[in-house]
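Read-outs throughout are calculated quantities, based only on the coordinates presented, and are distinct from any laboratory measurement. This structure is a prediction, so every number in the text was calculated from the model and none was measured. Methodologically, a virtual Cβ is constructed for each residue, glycine included, from the backbone with ideal geometry; neighbour enumeration extends over all protein chains shown.
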Amino acid sequence: MKPSGIKAIDVHGHIGTYKGAMQKPSLIADKMMSGSYATVVKRAMLANTQITIVSHLKALLPRFHGNPIHGNKILFNEIRNYPQLMMWVVVNPLQPDTYKQAKEMLKSHKCAGIKIHPEEHGYPIKKYGMKIFEFAEENNAVVETHSGEKNSMPEDFLKFANDFPTVKLIVSHLGCGWDRCFTHQINTIAKSKHGNIYTDTSSAMSIFSGLLEYAVSEIGAEHILYGTDTPLYFAPMQRSRIDNADINSKAKEMILCTNALRLFKLGANNENNWTRHNFSRAEKHI
């Protein structure tokens, strides 16, 4: 089944080689969940996706041993060659130099914001959230985070989002919960004081029957973004779940595209706003 005519923006993707964080690492599984720039772009095309926002897996994996400085630099230097891609710069509060690097990379139109991953980097958001949100506020940066596990429960972000109303937060992986509760992200968004919390569909749980529809009924489509976790998941499959959801066409368009256009201030009528390669001479040497 072909995707609908809506050109999507995928806010949650990755580039690079997967290094198993599973209990029993598998070389075969790692290979399946890895993806080059060409692989990610090809799958995005199959899903009628115009832009995919990616982080480098080297910045996150293997668990507790990712190298954000190196992974961010590799991605930043390569992504200018791919008009279909933008990047998340990964910040790890246990590595203070990542803040300095992120501050410079955020100046580029190819950088959508900062990504954090309390689980892979091994810290509780309760302890380090204040510093992260202070940095995001100072640099006018959207924050995208893994959520649903013990170090990154969506509810633990609520205080920070309420205390920093100008910071836009994406608690990723709709339906993800270590306790098998599928509504953590939904409940957190519903309790937000300022409407500055979003979730995305980059979870295997999001394809469960009824979950996306329930989320739309509870928090509205305006708080849900299209994300695939590509190449870990097969992007056209994630796209199909939304195209065939039991929600109206306006809600589908909001999830697939218009919410991201608004959140990242991408001009809906000016494609160059998100494809231009606006790198200064100084940025090329980061």
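In the chain, the DSSP-assigned H stretches of four residues or longer account for a calculated mean residue ellipticity at 222 nm of -10000 deg cm²/dmol, using -39500 (n - 2.57) per stretch and the full residue count as denominator. Evaluated at q = 0.09, 0.10, 0.12 Å⁻¹, the base-10 log of the normalised Debye intensity for the chain, with identical point scatterers placed on the Cα atoms, takes the values -0.37, -0.46, -0.69. Here the residues 80, 43, ranked from fewest to most Cβ neighbours within 10 Å of their Cβ, fall in the order 80, 43. Loop-located trypsin sites (Lys or Arg not before Pro) in the stretch 125-222 (DSSP state other than H, G, I, E, B) with a sparse environment of at most 15 neighbouring Cβ atoms within 10 Å: 180, 193.
Build a GNM of the chain with springs between Cα atoms under 10 Å apart, and of 238, 185, 95 the one that fluctuates most is 95. Sorted on the mean count of surrounding Cβ atoms within 10 Å across their residues, most packed first, peptides 8-17, 45-54, 132-141 read 8-17, 45-54, 132-141.
Ranking of 174, 85, 27, 261 by neighbouring Cβ atoms within 10 Å, starting from the fewest: 27, 261, 85, 174.
Using a 10 Å cut-off around each Cβ, can you sort 178, 88 from fewest to most neighbouring Cβ atoms?
In increasing order of surrounding Cβ atoms, one gets 178, 88.
Listed peptides 57-68, 242-253 appear in the order 57-68, 242-253 once ranked by packing, highest mean of other Cβ atoms within 10 Å at the front. The length gained on full extension between residue 31 and residue 217, counted as 0.36 nm times the residue separation minus their Cα-Cα distance, comes to 63.2 nm.
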